[in-house]
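K.L.:
After the structure tokens below, expect a handful of questions from me.
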Amino acid sequence: MPKRPWVGTSWKMNKTLAEADAFCAALKASPLAAGEKAQLFVIPPFTALSRVAESLSGSGVVVGAQNAHWEDAGAWTGEISPLQVKDAGGRLVEIGHSERRTHFGETDATVALRTAAAVRNGLVALVCIGDTAEEFAGGHTAAALKRQTEAALSKVDWTLPGATVILAYEPVWSIGEGGTPAEPGFADERHAEIKALTESLLGRSLPVLYGGSVNPGNAVDLATRPHIDGLFIGRSAWQPEGYLGIVADVVAALG
Ligand SMILES: O=C(COP(=O)(O)O)[C@@H](O)CO
């Protein structure tokens, strides 16, 4: 049976409400949104979360938040809680993106707390892990990914019904302007290692998506690799045509 990949995008700090509306309108006009051959997901900025969730309600597209706190409520200025994400219509929380780790003090410890809280609230936890350029250059990629994966999963209550964690391998050196996308074979090997680690920790392997300069030129080669369970896309998917074009290519290649 052909795999049904998760293919999604985070808009990061982009899009007004009007731009969000236009993106959602284009998505809803595509048969790909129903998700028969791929699970689409969209992660808008907090300002557009409820608007996008309402617009895409019933479309088959999963809507998520770019972060969420480990408490359900409290004096945490500037944060939003997983309870509020769910209340706004979100079904997924992205956690631990390298931009959060680099610029906003996110640590393995806070990633663990946030992941557990997302699962506790019945949300899909999409946890980003990735080696820095220094770790890659020093041959420390495997150790870095092991450390991050073990930490992220360490506080999850796996007895909760439907507990769902998806990992996203995003080499820090591959993300954003100037990033070098990972060679698909290299990425697939890292995914195999990560999945084997989750199997040893949990008794089952978790899905692992690839992110980091995914584009129309590499998306199919990445998505058709045996250990790559989907794609997590930034710039190439910030316009609906680009996002839907990559989804169409991937589902066509997977059959
Ligand atoms: O950061 C990501 C990839 O961004 P690109 O612009 O595709 O390099 C990933 O988390 C999706 O936002």
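Read the figures in this text as sums done on the coordinates, not as results from a lab. Worth saying up front: this structure is predicted, and the values here are computed from it rather than measured. When we count neighbours, we look across all protein chains shown, and the Cβ atoms used for this are built from the backbone with ideal geometry, even at glycine.
K.L.:
Quick one: which residues, 5 or more positions from Ser154 or on another chain, have an amide H under 5 Å from its amide H? H modelled 1.01 Å from N in the peptide plane, none for Pro or chain starts.
P.N.:
Sorted by chain and number, the residues that satisfy this come to none at all.
K.L.:
Near Lys28, which lysines are there with a Cα under 28 Å away, not counting those fewer than 8 places off in the same chain?
P.N.:
Of all the lysines, those that pass the test against Lys28 - Cα under 28 Å, at least 8 places apart if same chain - are Lys3, Lys12, Lys15, Lys37, Lys86.
K.L.:
If I build a Gaussian network model for the chain, linking alpha-carbon pairs within less than 10 angstrom, which residue out of Ala182, Ala26, Ala68 has the largest mean-square fluctuation?
P.N.:
Looking only at Ala182, Ala26, Ala68, the biggest GNM fluctuation is shown by Ala26.
K.L.:
Using Cα centres only, tell me the gap between segment 106-150 and segment 206-228 in whole Å.
P.N.:
19 Å
K.L.:
For Leu126, which sequence-distant residues (separation of 5 or more, or a different chain) have an amide H within less than 5 Å of its own amide H, given hydrogens modelled in the peptide plane?
P.N.:
Val93, Glu94, Ile95, Ile166
K.L.:
To the nearest 500 deg cm²/dmol, what mean residue ellipticity at 222 nm is calculated for the chain from DSSP H runs of n ≥ 4 alone, each contributing -39,500 (n - 2.57), summed and divided by the residues?
P.N.:
Dividing the helical sum by the residues of the chain leaves -12000 deg cm²/dmol.
K.L.:
Going by how many other beta carbons lie within 10 Å of each one, how would you line up Asp108, Asp229, fewest first?
P.N.:
Asp108, Asp229
K.L.:
Can you list residues from other chains, or at least 5 along the same chain, whose modelled amide H is less than 5 Å from the amide H of Leu40?
P.N.:
Hits under the 5 Å cutoff: Val7, Val62.
K.L.:
Using the Cα centre of segment 6-254 as origin and beta-carbon charges of +1 (Lys, Arg) and -1 (Asp, Glu), tell me which of Gln66, Ala223, Ala118 is placed farthest towards the positive end of the dipole.
P.N.:
Most positive-ward Cα: Ala118.
K.L.:
Can you work out ³J(HN,Hα) from phi for every residue in segment 209-221, in order, using Karplus 6.51 cos²θ - 1.76 cosθ + 1.60 and θ = phi - 60°, giving whole Hz and x for Gly and Pro?
P.N.:
8, 10, x, x, 6, 5, 8, x, x, 10, 4, 5, 4
K.L.:
Here's a follow-up. Rank the residues Thr224, Thr180 as a footprinting-exposure proxy: fewest other Cβ atoms within 10 Å of their Cβ go first.
P.N.:
In increasing order of surrounding Cβ atoms, one gets Thr180, Thr224.
K.L.:
Using DSSP H assignments, which helices in the chain have an axial alpha-carbon span of 24 Å or above and a mean Kyte-Doolittle hydropathy of -0.5 or higher?
P.N.:
184-202
K.L.:
Quick one: go through segment 93-115 and flag any residue whose amide nitrogen is under 17 Å from the point 7 Å out along the Cα-to-Cβ line of Glu150.
P.N.:
108-113, by backbone N distance to the label point.
K.L.:
Plugging the Kirkwood radius over Cα pairs into Stokes-Einstein for the chain, at a temperature of 10 °C and a viscosity of 1.306 mPa s, what D comes out in µm²/s?
P.N.:
Calculated translational D: 88 µm²/s.
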